[in-house]
Amino acid sequence: MNTATKALMGLVVALSLAGCTVVNAAPAPATSSSAETENPYGGFAVANPAADEVILTVTNGDKTIDFSTMDLKKLETTEVTIDEPFVNKKQTFVGVPMSVLFDSVGIKSTDKVSTLALNDYKYDDLAGKFTESKGIIAFLRDGTEIPMDQGGPIRIVFPSATPYFDYLDAWNWSIRSISIAE
Amino acid sequence: MFDKFRTEYLDKNLFRVRVGHVLLAAITVAMLVGLSVWSWVSMQAHENEKHQIFSQESDSAAMTFVQRESFSVLLKIEQWADNQASGREVQIARALLGQRLSVQARSGLHTFEITSEAYQNSLANLDPLLVRIPEIAPADRMPERIQAEPIIAEFSRQTRDLSDTFQELTRAQTQAATEERANAELVQSVLLLLIMLVGGVLAAWVTFDITRGFRRASELIQHRQKNLDTAHQRLLLVQSMDERSREIINEIHSGLDTGRAIKHLRHVLNSLLPGNNLLVETEGAELTKFEMQNPAELGISPRDFEFMKARAKEILTLVLMRDQQQEDVDYALRHDNLTGLANRAAYSAMVDTKANEVNQIGGVLGIFYLDIDRFGDLNSSLGYQMGDQVLVNMGYRISDALRTNEFAARLSSDEFAVLGVYKNENEARSRALAMQNILNADVELDSAVASITVSVGCAVSAAAHADANELPRCAALAMHLAKRSEQRSNFVTYNSDDHAHLMTTWQDEIAVRNALATGEFKVYFQPIVLLDPRVPVGFEALLRWDRPGIGIVAPGDFLPIVNSAGLASAVGADVISQSLEAWTEVLQPAYNQAGLSDPYISINVEAVQLEDKGFADYLLAEILHAKVPTHHVQIEITENALVGGEAVFEQLERLRNTGLRVALDDFGTGYSNLGQTLNLPLDVLKIDKSFLEGLVDDSRKLRMLDDVTKMAKGQDLRVTAEGIESEQVANLIQSINIEYGQGYLFGKAMPRNDVHNWVRNFNK
């Protein structure tokens, strides 16, 4: 590792201390990339994970469940139409209620959970806070998969008129895991 | 008063709300409202800002996240070059950077648009490498990395420079927020300052007004307190004058003389009003001069001074009026209302005065009693008004005839007296005769002419020796003698040689008459007892004279005078009246309370009473009036009464026919023939006590008494023995069948008030 790399890593670590933790992402499977993308600032399209690829791991102590897109679609889902606060557009999301995922591993509303994204962004709070705001793990946006450069493949979404709708720190996109906070 | 004060002053002047007060208050309130609104708006803005911070990312925050994601891409590239990361991981990092760059920040721009153009260019230069990265073999990665160093280094530099952009944005944002906050606080401060300024002005103004109001109120209260103190002083002065005036008036009513009353008044006035210079002059009962000054240095108000002056004058008027009234009373006490001459009291005092004068200076004291002849007839024929005119005329003429050192008085209805000091008896008698001549005259009345004559009783003292007590009695006796002859215009001069012996009798008669008139004659009651069994049956009424200064006088000592004075009938009537009244009120109730039969009352009747043909009717009327049954009445007569003959007998018979009993009293003391006596209309024979004297030792006397008793009983007479003083005598007379007795053994004559006790104790 050269000096520049070390410096970059030190800077990232320093930034992570403010609320993020850097973890190594698992090696991505080979996916096709496209030069076209809906996001004008995405540069180029990055393929979403395969349907059976694990995209979410939910852990409560010794109990861990891995979910692929296919697995999530088999669970109870709900649809939410909101004015998406990051892009200011009306969008419809379909996803699994977080309560369902909490229940699957026995997380109680009084447990403090940690949500972690692919870029290691982490947000911790009581499980009850997420369920109170009817948070969902969305995997479809406007009927299609959520692109990687637009928060995909899965992201947390809160319906309008809930406490967390206006609290953007809790909107963790490109989420990778949910576990009991240490 | 206070209400008026409050109404007049406090409500108007203590504090008055002014238009300016209201205006300033309104401004203050308006600014307070404005401040509140402004603060609320500011707070809302702040809240909105806070809301936006949470709900929308600020440009600077977005820039931070862009820098973070950019470093992440660079890190992944370096890891890729060292074969520690896959090409997909690098692309995912780029994808997440793309997501970040697409976020719309608070400024409305996409985050990408906030970044510098150099950064945008460096990223655009980097993207072709990143697109190719998955296709590069691991062995070629480092050479590719090295080859792409300028591009990566540029992107790295631009990423680091994002901090400058972040700082600019943060600075700009902070500056904007600070300016906004400063503006808000400036407005708030200005408003607050204005509020404090206006509020302070208002408070100062109100405080000034209230202070001024209180100062004025305080001044007014002090002024009023001063007035109150003055009024209090005035009240005290007036009250003190009033109280002390009342004291003087009470003393005047209690007899304080005029001189001391005026002295007391001066003292009071000098204490309350020093320097008043009270000037008082009186003439008789009239206040002729009354002056009083109000000393200026005292500051007494004219009204108060006039009050005090009026009070002082009132006292003076009162005391003078009291003196006048006293004089009037004294005059009335010493003068006769009708004629204006002195009355008997003044006359008596003048007798004393003139007697002393004679005894000290010499000469003789002459007293003439002048009595209008047949004045009663004149009154009867012409009426009392004409009679009064005659008396008034007499008074005038006597007054006109008086010389110096002579004094006249009206003693009674038609009796006048003149007294004077003379050289000798002759001069005195001459004056008396001259006075008689003057008064013997025709008197013209309203409707007639009355020929008036007067009789004169004259008494003249010895030279230089006048007895103020004796001389008037002598004159009265002379008057009595003059009137007794029934000769008109008679003139009698008292002469001790001829008249001294008449004096005692005449005076006793006067005393008896007075006793009868004033109720000095009292009836006492001596019990009469049935001897076997020993039971009270009645009382004998016995006359006693309770003479003032002497005590009880026995009948034997005054009855001769009563008879000689021709008062026997009058005294007898008094005895009858008192006896019958006592039977009803005392005797009968006392017997009844003791369980005894009604008693009888035995009343002594004088011969002269029986000589009056109307006596029986009179007595029966009295008995009827007193509601006494006639069979409980007994009269006792003496043998003297029997000399009246048939006329007396008829009256006795009439009385007996009504059930009244007739007893012969004092039997055995006269000379009547017993046989003849027993034939008279009698029911009871009362044996005189002299019969019982020596009865115990003289058996002959007892036999004689036994014979008399038997004879009496033979004529159906009851026999009562008087003077029983021992049980032995009682037993003896009881042994000869005398049924009734009275005497000290049973009880002395007692006043009516003792009867109850005697009856109650008789058989104990």
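The values are calculated or read from the model by the stated rules, or taken from the named source; none is laboratory data. Since we're looking at a predicted model, the values are computed, not measured. Cβ sites come from the backbone with ideal geometry, for glycine too, and all protein chains shown count toward neighbours. Areas reflect the complete protein model, heavy atoms only, side chains present, ligands, DNA and RNA absent. Shrake-Rupley method; radii C 1.70, N 1.55, O 1.52, S 1.80 Å.
So which trypsin sites (Lys or Arg not before Pro) in the stretch B:606-710 pass both tests, a DSSP loop state and at most 13 other Cβ atoms within 10 Å of the Cβ?
Taking the stretch B:606-710 and a limit of 13 other Cβ atoms within 10 Å, the loop trypsin sites (Lys or Arg not before Pro) found are B:LYS613, B:LYS627.
Defining a contact as two alpha carbons under 8 Å apart and six or more residues distant in sequence, what relative contact order in percent does the stretch B:54-207 show?
This gives 29 percent for the stretch B:54-207.
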**Shielding by other protein chains, A:85-91, mean Cβ within 10 Å** = 4
**Fill in**
Low-density loop chymotrypsin sites (Phe, Trp or Tyr not before Pro), the stretch B:618-675, at most 16 other Cβ within 10 Å, DSSP non-H/G/I/E/B, are B:TYR671
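Counting only heavy atoms of the protein chains, get the accessible area per residue of chain B (1.4 Å probe) and round it to a whole Å² value. Let's see the in-between values first.
Details: 38750 Å² over 764 residues.
Accessible surface, normalised per residue, equals 51 Å².
Note the buried accessible area between A and B here, summed over both chains, with a 1.4 Å probe, in Å² to the nearest 100.
Values: alone 10140 and 40570 Å², together 47070 Å².
Summing both sides, the interface buries roughly 3600 Å².
If I compute solvent accessible area with a 1.4 Å probe over the protein chains, what percent of it on the stretch B:54-207 is carbon and sulfur? Write down the numbers at each step before the final one.
Values: 4110 of 6840 Å².
Here it works out to 60 percent.
Please compute the net charge surrounding B:ASP304, taking Lys and Arg as +1 and Asp and Glu as -1 over other residues with Cβ under 14 Å from its Cβ.
Result for the neighbourhood of B:ASP304: +2.
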**Prompt:** Considering only the protein assembly as shown, what is the antiparallel percent among its DSSP beta bridges, to the nearest 5?
**Reply:** 75 percent
**Message:** To make sure I understand the rule: partners must be lysines, Cα under 18 Å from the Cα of B:LYS76, and not fewer than 8 residues away in the same chain. Which ones qualify?
**Reply:** A:LYS6
**Fill in**
Partner aspartates and glutamates whose C-alpha sits under 18 Å from that of B:LYS483, ignoring same-chain residues fewer than 8 away, are B:ASP371, B:ASP373, B:ASP377, B:ASP414, B:GLU415, B:ASP498, B:GLU509
**Prompt:** What does the charge count near B:GLU327 come to, summing +1 for each Lys or Arg and -1 for each Asp or Glu among other residues with Cβ under 14 Å from its Cβ?
**Reply:** -4
**Request:** Give the percent of DSSP beta bridges with both residues in chain B that are antiparallel, rounded to the nearest 5.
**Result:** 65 percent
**Item:** Tensor-based shape of the stretch B:677-764 (alpha-carbon gyration tensor, a/c under 1.5 rounded, otherwise prolate or oblate)
**Value:** oblate
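If you take every DSSP beta bridge fully contained in the stretch B:465-600, what fraction is antiparallel? Give it as a percent rounded to 5.
On the way: 13 of 14 bridges.
In the stretch B:465-600, approximately 95 percent of DSSP beta bridges are antiparallel ones.
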**Prompt:** Quick one: if you stick a label point 7 Å off each Cα along the C-beta vector at B:ASP716 and B:LEU338, how many nm between them?
**Reply:** 5.9 nm
**Request:** Pull up all non-local amide H partners of B:VAL553: gap of 5 or more, or a different chain, and H-to-H distance under 5 Å with H placed in the peptide plane.
**Result:** B:TRP545, B:ASP546, B:ARG547
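Normalising by the residue count of chain B, find the relative contact order in percent from Cα pairs under 8 Å and 6+ residues apart. Walk me through the intermediate numbers first.
On the way: 987 pairs, mean separation 54.2, N = 764.
The normalised contact order for chain B reaches 7 percent.
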**Message:** Can you compute the charge dipole magnitude of the protein assembly as shown about its Cα centre, using +1 on each Lys and Arg Cβ and -1 on each Asp and Glu Cβ, nothing else charged? Give it in debye, rounded to the nearest 20.
**Reply:** 1880 debye
**Item:** Net charge over other residues, Cβ less than 10 angstrom from the Cβ of A:GLU182 (K, R count +1; D, E count -1)
**Value:** 0
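Please label the shape of chain B as rounded, prolate or oblate, based on the square roots a ≥ b ≥ c of the eigenvalues of the alpha-carbon gyration tensor (a/c under 1.5 means rounded; beyond that, a/b larger than b/c means prolate, else oblate).
Numbers: a/c = 7.46, a/b = 2.91, b/c = 2.56.
Here chain B falls in the prolate category.
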